[in-house]
């Protein structure tokens, strides 16, 4: 596609240079530039793309998009007011506006995005409506899996993934929409049919600064779906029980969108009541528009009822039959790293969960306490280079709800792990804890403490298969480490049982020999008499 055609998508763009090159690809990483590429000089968290323009041109980029004045270049230059907005608009045009050919749902909120997106994708696929997925644990482009880079991909990648979904026969897509993704314009030109709001609690304040700005980012997503023109009329699906959700409902600009609510409180359009939880899941009464159905999900935790309600409301908004969708809820798959059981029918239970915010940790611990464990033990830490104030708060929550706590490293990044642990300890009330910097050792210790009817929660990293330090990453998956520790424990216990059995057999053999010796003595005495 010719550069000047692409640039028409950006208001106020100014092209310098007389040539109009054919653009064969889009990139924002100069190392991935190639012949015919359009390079976007984006200012990122750690680097400014304008400093790498020379490298992109050296790799034969055909043109460059900039949002600041600079030296004249040997390739055409497109000057724009906002490089990220320009990249989003151009990517949409370059890939043929793929979201216009899909039913697209976006899920935003602090907690529950991953599970809700996966559940919605499951409901659509179960109804034979092939659905792609972009989120924290998986990028599924309709039977084609690609490596996950971030919760919400950069716009140039996102639009390309949506185009591949269309090519792979998808008719729908479920996308996790992070607050970073909204603020950085990654989803600005996606045509959403449904926008889901799960909840809002403390997180990402290192990026947004305060809760007001954090909420404003979420609000921007709903303003976007309401103001978009075209034939599509969008649907907002909002958690009525969350204070920020109620604010969003009250202030929602209807425009070209309608709204439905969900929750456990009176007034919700999708209302769950009479919850009954067991270790196998939860069943509940569902009320929708005067209809009542009994629903069941094979997941534990009241928060998963909220996630299921959100997925149901969105699915129906995308054309699913309510009764059939409720039936398919019973077949939901295990969500990776979300209260994922790794203990395999032992007398105790071990769960791995992504809970890395105060609200998520409290919800998860409360859920597990509802299973009436003998003791609830938790292993957790906090990430480095992130909101530091939540650390003490999470320490206080763990102290209040868990019977015993092992504080450890998460992803320390550029910070000293011991300092992060000290921040957590500062909020801890009581002495029922210990601190172990090495996460593998901490998990092994937690496993070693388990006796029948105990529950161990390993929180913070969930599905992640790495641990991030200042200048490197190592392979580290809480689930695999926990399983290894359980196998080691089994081997140790098996050795102990074998040694105990051999000891008992030796004692029995000795007893029998002693018994025979005593019998011989008695016979001799009898014969002598």
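The values are calculated or read from the model by the stated rules, or taken from the named source; none is laboratory data. All of these numbers come straight from a predicted model, not from anything done at the bench. Note that each Cβ is placed from the backbone with ideal geometry, even for glycine, and that neighbours are counted across all protein chains shown.
Of all residues in the range 398-422, which are in a helix (DSSP H, G or I) and surrounded by fewer than 20 Cβ atoms within 10 Å (Cβ to Cβ)? Outline the logic, then answer.
Residues of the range 398-422 in a helix (DSSP H, G or I): 398-401, 417-422.
Within the range 398-422, 399, 400, 401, 418, 419, 422 meet the criteria.
For residue 64, state whether it is under 19 Å from residue 224 (Cα atoms), outside any helix (DSSP H, G or I) and modelled with pLDDT of 95 or more. Let's see the steps before the verdict.
Values: under 19 Å from residue 224 (Cα atoms): no; outside any helix (DSSP H, G or I): yes; modelled with pLDDT of 95 or more: yes.
No; evaluated as a whole, the condition is false for this residue.
Can you tell me which residue among 133, 162 is modelled with pLDDT of 95 or more, buried (at least 23 other Cβ atoms within 10 Å of the Cβ) and assigned to a helix (DSSP H, G or I)? Break it down stepwise before answering.
Numbers: 133 fails: assigned to a helix (DSSP H, G or I).
Criteria check complete, one pass: 162.
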- Item | Single unsatisfied condition, residue 50 versus (1) farther than 27 Å from residue 163 by Cβ; (2) under 36 Å from the mean Cα position of the chain (by Cα); (3) touching a residue at least 60 places away in the same chain (Cβ under 8 Å) | (3)
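Is there a residue in the range 365-388 that is within 21 Å of residue 423 (Cα to Cα), in a helix (DSSP H, G or I) and modelled with pLDDT of 95 or more? If you could, list the steps in order and put the result at the bottom.
Initial filter on the range 365-388 (within 21 Å of residue 423 (Cα to Cα)): 365, 377-388.
Next, from what is left, pick out any that are in a helix (DSSP H, G or I): 365.
The next check asks that each one be modelled with pLDDT of 95 or more; those that pass are 365.
Checked against the condition, which is being within 21 Å of residue 423 (Cα to Cα), in a helix (DSSP H, G or I) and modelled with pLDDT of 95 or more, the range 365-388 yields at least one hit.
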- Task: Run residue 206 past the list (1) surrounded by fewer than 17 Cβ atoms within 10 Å (Cβ to Cβ); (2) more than 25 Å from residue 91 (Cβ to Cβ); (3) at pLDDT 80 or above; (4) under 19 Å from the mean Cα position of the chain (by Cα) and report the number of the one that doesn't hold.
- Result: (3)
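Looking at 400, 413, 338, can you tell me which residue is touching a residue at least 40 places away in the same chain (Cβ under 8 Å) and more than 26 Å from residue 119 (Cβ to Cβ)? Write out each step before concluding.
Working: 400 fails: touching a residue at least 40 places away in the same chain (Cβ under 8 Å); 338 fails: more than 26 Å from residue 119 (Cβ to Cβ).
Result: 413 is the single residue among 400, 413, 338 that is touching a residue at least 40 places away in the same chain (Cβ under 8 Å) and more than 26 Å from residue 119 (Cβ to Cβ).
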- Message: Please go through the range 165-178 and give me each residue that is outside any helix (DSSP H, G or I) and either surrounded by fewer than 20 Cβ atoms within 10 Å (Cβ to Cβ) or not assigned by TED's automatic domain parsing to the domain that holds residue 318 (or both), ordered by number.
- Response: 168, 169, 171
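Please state which one of 484, 467 is crowded, with 17+ Cβ neighbours inside 10 Å, within 24 Å of the chain's Cα centre (by Cα) and either more than 16 Å from residue 338 (Cα to Cα) or without any contact (Cβ under 8 Å) to a residue 60 or more places away in the chain (or both).
Result of the check over 484, 467: 467.
Residue-by-condition table, conditions (1) modelled with pLDDT of 95 or more; (2) crowded, with 20+ Cβ neighbours inside 10 Å:
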site: 241; (1), (2): yes, no
site: 261; (1), (2): yes, yes
site: 266; (1), (2): no, no
site: 274; (1), (2): yes, no
site: 280; (1), (2): no, no
site: 284; (1), (2): yes, yes
site: 287; (1), (2): yes, no
- Out of the range 83-113, which residues are over 20 Å from residue 225 (Cβ atoms) and at pLDDT below 95? 111
- Pick from 178, 155, 201: which is closer than 27 Å to residue 83 by Cβ and out of contact with any strand residue (DSSP E or B) (no Cβ under 8 Å at 6 or more places or on another chain)? 155
- With respect to residue 427, is the statement that it is surrounded by 19 or more Cβ atoms within 10 Å (Cβ to Cβ) and touching a residue at least 24 places away in the same chain (Cβ under 8 Å) true? no
